[in-house]
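Encoded as structure tokens, the structure appears first; notes follow it.
Rule-based calculations on the coordinates, nothing more; no lab input. Given the structure is predicted, the values throughout are model-derived calculations rather than measurements. Positions of Cβ are backbone-derived with ideal geometry, glycine not excepted, and every protein chain shown enters the neighbour counts.
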Amino acid sequence: MDLIQLAWTGLAVFGALGLVAGVALALAAVRCKVEVDPRIAEVKEALMGANCGGCSYPGCEAYAEAVVKDPNVPPDLCRPGGPSVAAAVARLTGKAMGGAEPVVAFRRCVKDEGQVARRLLYSGVSTCQAASLALGGPDACRFACIGLGDCLAACPFEAMRLENGMVRVDAELCTGCGNCVRVCPKSILELTPRNARVMVFCSSRDKGREVKDVCGAGCIACGMCVKKCPAQAVSLDRGRISVDHKACVAYGPSCGLACAGFCPRGILRPLGDETPTARPEPEARQRAAGTPGGEQA
């Protein structure tokens with residue numbers, strides 16, 4: 001057999017093998033074909049595309065698939081999209097609106113107002129996560145905002161900014177996706193209903209004396225707000241004051257914000273009101289004045 005005949009024989013054999021393999025793959029593709037609901041692509045297109053995770057799913061595509069396939073997944077979980085996107089998803093999926101409550105990120109800390117001193121000079125990796133590992137962070141209050149901007153990096157909507165070493169939330173830009181809450185090592189950021197009436201501007205779990213030693217505005221967990229709330233919407237849980245916003249809103253304004261009025265530290269205030277109302281305690285001012293830089297971490 002000469003070389004030309006050998007080459008043609010090889011081409012014929014491999015061609016036949018390729019044809020058989022192609023037919024087999026085509027049959028397998030038809031047999032194993034997975035039907036894709038075209039509404040998934042339509043819903044994904046209607047979403048914001050931020051992949052922020054605010055819907056509790058790992059990205060817009062995952063939520064689009066879930067809301068189309070699962071009858072129990074409501075169409076209004078895309079917090080960045082708001083009512084318009086929710087209405088579009090509801091129309092595409094034929095579902096009724098679930099009534100998801102609009103939320104906004106809130107910062108439970110006023111260390112600037114309380115004149116919290118620095119106890120350490122942190123010089124490591126410039127992230128809150130890293131700084132919190134250095135003896136709990138640089139501030140005298142171990143629950144205070146570290147202010148290195150992990151939340152800024154996590155926010156896809158530029159709703160966070162830093163001012164004087166503290167994070168500030170732009171409520172107009174905040175979509176309530178929760179990314180900032182998940183990355184804060186001090187848990188001072190939380191999602192709260194936009195219709196909330198009163199908030200606790202402190203996250204400390206220390207006892208009263210310890211709080212007074214480091215912060216002139218921090219919550220001392222005296223319990224006055226708990227006792228004075230006629231709606232029983234305020235509670236003290238493991239050293240930290242919490243507000244049941246649903247119960248608070250349901251009771252209405254007839255209480256006159258009694259919890260805030262009886263707070264000796266002025267730390268309970270209407271949502272969005274960061275006006276300083278509590279004067280730093282003398283010992284806190286002395287510690288702030290007498291601690292120019294703190295120790296080196």
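Note on the chain: dipole from Cβ charges, positive end direction compared against Gly22, Ala153, Ala258; the farthest Cα belongs to Ala258.
Phi-derived couplings, Karplus 6.51 cos²θ - 1.76 cosθ + 1.60 at θ = phi - 60°, listed residue by residue for the stretch 116-133: 5, 7, 7, 9, 9, 9, 7, 9, x, 4, 7, 9, 5, 4, 5, 5, 5, 7 Hz, with x used for Gly and Pro.
Structural descriptor for the chain: relative contact order 17 percent, calculated from alpha carbon pairs under 8 angstrom and at least 6 residues apart. Summarising the label geometry, the points placed 7 Å from Cα in the beta-carbon direction at Glu61 and Arg182 lie 1.7 nm from one another. Under 5 Å between amide hydrogens, built in the peptide plane, is the criterion, and for Asp139 it picks out Arg119 among residues at least 5 positions away or on other chains. Once the Cα-Cα distance is subtracted from the 0.36 nm per residue extended length, the Val125 to Arg168 segment shows a gain of 13.3 nm.
Packing, as the average of other Cβ atoms within 10 Å across residues, places the peptides 149-155, 104-110 in the order 104-110, 149-155, highest first.
Only the Cβ atoms of Lys and Arg (+1) and of Asp and Glu (-1) were treated as charged; on that basis the dipole of the stretch 34-187 about its Cα centre amounts to roughly 620 debye. In this structure, the residue pairs whose Cα-Cα separation is over 28 Å, taken from Lys207/Lys227; Lys186/Lys246; Lys44/Lys246, are Lys44/Lys246.
With θ taken as phi - 60° and the Karplus curve 6.51 cos²θ - 1.76 cosθ + 1.60 applied, the whole-hertz 3J(HN,Hα) list for the stretch 156-162 is x, 10, 6, 9, 10, 8, 10 Hz, x standing for glycine and proline. Counted residue by residue at 0.36 nm each, then reduced by the alpha carbon distance between them, the extension gain from Ala100 to Leu25 reaches 22.4 nm. In this rough spin-label picture, where each label sits 7 Å from Cα along the Cβ direction, the Trp8-Ser84 distance is 6.9 nm. The smallest convex shape that holds all Cα atoms of the chain, its convex hull, gives 211 Å³ per residue. Helix screen, the chain: DSSP H segments with Cα axial length of 27 Å or more and mean Kyte-Doolittle hydropathy at least -1.0 are 3-31. Listed peptides 194-204, 79-89 appear in the order 194-204, 79-89 once ranked by packing, highest mean of other Cβ atoms within 10 Å at the front. Distances between placed amide hydrogens fall under 5 Å for Met199 paired with Arg269, Leu271, all partners being 5 or more residues away or on another chain. Each Lys and Arg contributes +1 and each Asp and Glu -1, all at the Cβ; summed about the Cα centre of the chain, the dipole is approximately 1160 debye.
Remark on Val104: its backbone amide H falls under 5 Å from those of Thr192, Arg194, a criterion applied only to residues 5 or more positions apart or on other chains, H modelled at 1.01 Å from N.
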